[in-house]
Each structure stands twice: as structure tokens, then as C-alpha cells.
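Report on one structure; see the data block that follows.
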Amino acid sequence: MTDLAQPSPSQRPMAASPARSSFSTSAPRLRSGTWLTAAALTIAALLALPVLGVFGAVFQRSDGAWQHMAETVLPTFIGNTLYLTVLVGSGVLVVGVATAWLVTMCRFPGRRLFEWALILPLAFPAYVIAYAYTDFLQHPGPVQTLLRDVTGWGPRDYWFPQIRSIEGAGLMFTLVLYPYVYLLARTAFLNQSVCALEVSRTLGRSAWSSFRHVAMPLARPAIVTGTALALMETLADFGTVAHFGVPTFTTGIYRAWFSMGDRIAAAQLAASLLGFVVLLLFLERWQRGRARYFQTGRKYQELPGYRLRGWRAATAVAVCGLPLVLGFLLPLVILAEMHVTGGHDLFGPRYLRLVFNSFTLAGIAAVLAVVLAVVMAYAARLNPSPLSLGANRIASLGYAVPGSIIAVGVLIPLASFDNTLDAWMRATFGISTGLLLTGSIAGLIFAYLVRFMAVALNTVDSSLAKITPSMDDAARTLGAGSGGTLRRVHVPLLRGGLLTAGLIVFVDVMKELPATLIMRPFNFDTLAVQAFRLASDERLTEAATPSLAIVFAGLIPVILLSREIMKSRPGHKG
């Protein structure tokens, strides 16, 4: 006890120890931060290659295919793309904002259910819901068959709207993409100042006037961002427009690559589509401008709810229930009925192989995306320099780029590398290496990383930002380096965020169609490819089996997200 109470002079800390400790911890931190920044820059440069490859192809000469398409189908591509963005933008804006305002500010029967259930359509890829409604509404489908049985009409005695049209495609996109606007608008409404709404009512404004003149302007940045996300998903889609026979840039890219065999024309079409994406992002930034919206007052006080009764309550239930029924419940029932009546055996050898292929690709991509996201986010935390922050922004650009563009951009440098290596091996050793990376699993995984790195990086970065820097300081004081701090402190605390990031990337890869369709190895199919091929052969009933598997996989993150909806307002109890 004497030794513990009275340490010897050799055991007492010397006055110079703090200086030595500071030097010994800051130097490794600096070196680790520099190394991580270099790694982040390398990752960002690799992920930017496909986009640079597409832009580079603009200046190359094609074999006349581009000139032919510019004179014939390019105006159609542009017109259809613009019309489709107008349809989808208007649809998601009306549905998303209306439902978000009703469940946030009004009180009516079923509001608590709609609050989280309205995001369930996110589990459906647009092309899957398109297959369901095509079977349901086509001429031999149950709706028109029932109509003829009830009325006694013949096939040419009545008019029925064509689901396979650009308007039908716009409806499909609206039904599955409105949750983007709903989620962001609802969050904006929840976090608005109660004082502003109370003052507007005190000044004699009605509920509708308060919504239009107070709530909407405050929520405008969130609403515009949600609409932009929905439009980017629309531009990136291939399966829906291909199934409905709507010629757009994505179908043109696929046709130029596979039907014409002209990779330069495909890349030039991809560059044109990328121009639409850049224009969309510019408009979103320009609309936001220099405006900033701040909240003051009793921000987290319980929001004043408008009690709806009678026909108003019934209207609110209908407004919230219709998109949920049309976007989730009805297509789920249609697919289930199709699977039961004529679908395939999901547990048969062929489908087990498809499930294995899909899960393997999604699992590898998810693990790699999370690991790379941790490296890039941690580099920005240790050394928040313009280089590391810029690298993170570059790595996140792929999510705004359609999968067809990424596929073309990946194939161009991989094919050049394979051809150069093959020519060198032939000249040097007389051996042909063939195509090593083109059409390989590695190339496809790389395309997935380019496409979905932003999902993992944003999730990991937001989770890492919640860890106080004092924990890093405490770990360094105890002698841990940057790597040890990450491994022993941050990773255990980040476990939930890492699992969430991996799960979202996993499901996004499961649903990805254009990049998989263009870049998959020979005779290597996934559930998404199988569903598309069966639907292309008009075997819609059989396409229900892989479509249902994709939907059930997509339900997992949606259910997790819906659990967080109930806790989305700061200060919320219960």
C-alpha cells in the first residue's frame, strides 16, 4: 500500500512527458492522415474513370451510327425524356407533398398507419410494378376481361387506356418514386417552427393559406431535392421504358451497344444523357440559390394538428390510401397471384443459382463499398482538407449517373486495357490473354461501386459525425494510433451505421438492371435480369417469381426505415 500511495521518483511522471506524449501521438496521426488522404484520392480517381471515359468518347469518331441516330431517333429521345420528366416531376410533387402535409399536420383515422406505410412503394423497382400492371390491365388481363363479361362488349367495342405508353411509364415511376418527396417533405414539415404557423393562423390565415404561404416556402429546398432524386431515378431507368416500348436515352444506349455494336455511339448517347443529369443538378442548385431557411422559437413543441371530420377525413384517407394501394398493395397481390397460378419454383435448381448469383454480387459489392466508405470518411475526419473533402464529393457523383452510362464508361477503359495487354503479350511472348476484365465479375463489381458508393459513404459519414472528437483525443492519449482508434473505438460504435450502409447497397445492387444487363459475364444471370428477360418474352406470369424475390429483398431496408419514421421528430416521445 505504501508503494501505491507514494510512488518512487522513477515512477512519477516527469514534466517533459506531456510534450513527448503530444509529439509521439501527433506525428503518427499526421502520417496516417496523409496516407488515408492519398488512399481516398486514389479511390475517388478510380471511381471517376467511367464518367471521364464517357466524356472522352464525345470527341471520338464513330462509324456513322451517331450521325444516323442524330438525324432519326435523337429528337425522339430528347422529346420523350423531357415529357417523362415533366410527368414524373409533377406526379411525385403532388402526391409526395400532399401526403406528407396530411400525415404531419392533420389528424384523421389511420394517420399513424399511413405515417410509415407510405414509404413501402420504395421496395418496388419501377420495372417490377410495370410487369404487374401490364398483366393486370392488358387486353387479356382480368380488368378488361371482367369489363367485357359485364357489358357484353367485343374487343373493338370500347376504348381502354394503353398502359404501355409514355403516360403509363410516368404513372409507374410516380407510384414508386413519390416516397422520395414524401420523406424529405415530411421531415421538413416536422422541423418547421410552430411559432410561424401559429402567427399565420393568428393573422387570420386559413389552414390552406398557412400551408401555401408559410409551410411550402420553408420546405421548398427539401421538396426540390426529393423531386430531383425521383427524376434522376427516372432518367436512370431502363427496364420500365424498354418494357413499355418508350424510346429514351437508356434504351438507345442499349441498342447502340448490342444491336449496332458501336461503343462510341453508345458512349456519345450516354454523354447526352449525362448532360440531362448535370442540367437537373444545376437547376436544383440554382433554384435553391443563396437562400437559407432557419428555424426559431419553440421548434420541438408538439405540432398543432388540424382535426378532420366527416368528408374531410374521408378525403384525407383516400388521398393517403390511394398511392399506398396502387403503389404497393395491389401490385404485391397481382404478383403473388401470378406466381401462384403460373410462376416458377423459387427453390428449384435454376432459381437457387439465380439467387446465389444475385446475393454473391450484392454481398461483395456491399462489403467493398462499406470498407472503401470507411476509408474515405475516416480520411476526411482525420484530415478535413479540401483534397479529402473533394475526394468524397467525387466518389459520390456516381449515384447521380444512370447505370447504363456507368456500364459504358467502365467497359471503355477495361476494353482498352485488355486489348493493350493482349497486344503486348502477343508481341512479347506470343500468348493471347483475351479479355481479362471486360465482361467479368470484377468489372461488374466495379460498376456497382461507382454507382452506389455515395449510398455507403453518406451513411458512414453521417454515423461517424455523431462520434465526438473527444473520443479520438482520449484514444490517442492512451497511446492508440489512428488505425487502432478506428478499429477499437470507431468501428464498434459505427456497427449500426455500417450494417445499414451495407444493407442499402445490397438491396440497390439486387435491383440494378441496366449495368448488370450490359456488363454481366456470359451465361451469368441475376434475378433482375431473369425478370427482364421473361417480361421481354411476354412471359409475365413467370416473371412474377424473380420479381417477388426482388421485392421481398427490398422490403428489408424499407421496414428498417419505417421504424425510424416514428422517431423522426426531435423531442418526440414514445
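The values are calculated or read from the model by the stated rules, or taken from the named source; none is laboratory data. What you are looking at is a predicted structure, and each value in this text was computed from that prediction instead of being measured. Here the Cβ is made from the backbone with ideal geometry for all residues, glycine too, and neighbour counts use every protein chain on show. What goes into the accessible areas is simple: the full protein's heavy atoms, side chains included, and nothing from ligands, DNA or RNA. Shrake-Rupley method; radii C 1.70, N 1.55, O 1.52, S 1.80 Å.
Figures for the structure shown
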{"read-out": "The range 444-469 residues that are assigned to a helix (DSSP H, G or I), paired with ones that are acidic (Asp, Glu) (beta carbon under 6 Å, 6 or more apart)", "value": "PHE452/ASP508"}
{"read-out": "All positions within the range 242-281 that are of a type in the set (D, E, K, R) and modelled with pLDDT under 75", "value": "ASP262, ARG263"}
{"read-out": "Selection count, the range 53-74, where residues are among the small types (Gly, Ala, Ser), surrounded by fewer than 18 Cβ atoms within 10 Å (Cβ to Cβ), closer than 14 Å to ALA271 by Cβ and at pLDDT below 70", "value": "0"}
{"read-out": "The range 97-121, subset assigned to a helix (DSSP H, G or I) and touching a Ser or Thr at 6+ places or on another chain (Cβ under 8 Å), residue nearest to LEU330 (Cα to Cα)", "value": "LEU120"}
{"read-out": "Every pair of residues 6+ apart whose Cβ atoms lie under 7 Å, when the first sits in the range 523-538 and is within 22 Å of LEU137 (Cβ to Cβ) while the second is part of a loop (DSSP other than H, G, I, E, B)", "value": "PHE532/LEU513"}
{"read-out": "Matching residues in the range 224-252 - criterion: being touching a Gly at 6+ places or on another chain (Cβ under 8 Å), within 19 Å of PRO121 (Cα to Cα) and part of a helix (DSSP H, G or I)", "value": "GLY226, THR227, ALA230, LEU231, ALA236"}
{"read-out": "Verdict on PRO386 being without any contact (Cβ under 8 Å) to a residue 40 or more places away in the chain and under 28 Å from the mean Cα position of the chain (by Cα)", "value": "yes"}
{"read-out": "Counted residues, the range 122-164 - those being polar (S, T, N, Q), assigned to a loop (DSSP other than H, G, I, E, B) and touching a residue at least 24 places away in the same chain (Cβ under 8 Å)", "value": "1"}
{"read-out": "Residue list for the range 414-441, restricted to those being crowded, with 19+ Cβ neighbours inside 10 Å and outside any loop (DSSP other than H, G, I, E, B)", "value": "LEU414, ASP418"}
{"read-out": "Any chance GLY398 is open to solvent by less than 40 Å² (accessible area, probe 1.4 Å) and either more than 21 Å from the chain's Cα centre (by Cα) or among the basic types (Lys, Arg) (or both)", "value": "no"}
{"read-out": "Residue within the range 471-480 that is out of contact with any helix residue (DSSP H, G or I) (no Cβ under 7 Å at 6 or more places or on another chain), surrounded by fewer than 22 Cβ atoms within 10 Å (Cβ to Cβ) and on the phi > 0 side of the Ramachandran plot present", "value": "yes"}
{"read-out": "Test for PHE136: is it at pLDDT 90 or above and buried (at least 17 other Cβ atoms within 10 Å of the Cβ)", "value": "yes"}
{"read-out": "Enumeration of residues in the range 107-133 that are under 17 Å from GLY170 (Cβ atoms) and either touching a Phe, Trp or Tyr at 6+ places or on another chain (Cβ under 6 Å) or surrounded by fewer than 20 Cβ atoms within 10 Å (Cβ to Cβ) (or both)", "value": "PRO121, ALA126"}
{"read-out": "From the options GLY252, GLY245, GLY275, GLY226, residue that is open to solvent by 50 Å² or more (accessible area, probe 1.4 Å) and not aromatic (Phe, Trp, Tyr)", "value": "GLY245"}
{"read-out": "From the options ALA427, ALA365, ALA415, residue that is among the small types (Gly, Ala, Ser) and free of Cβ contacts under 8 Å to residues at least 60 places away in the same chain", "value": "ALA427"}
{"read-out": "Complete set of residues in the range 171-223 that are modelled with pLDDT under 60, in a helix (DSSP H, G or I) and touching a Lys or Arg at 6+ places or on another chain (Cβ under 7 Å)", "value": "VAL194, CYS195"}
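For every residue, the table says whether it meets (1) buried (at least 18 other Cβ atoms within 10 Å of the Cβ); (2) not hydrophobic (A, V, I, L, M, F, W, C).
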position	(1), (2)
ILE334	yes, no
GLY343	yes, yes
GLY348	no, yes
LEU352	no, no
ASN357	yes, yes
ALA362	yes, no
ALA365	yes, no
VAL371	no, no
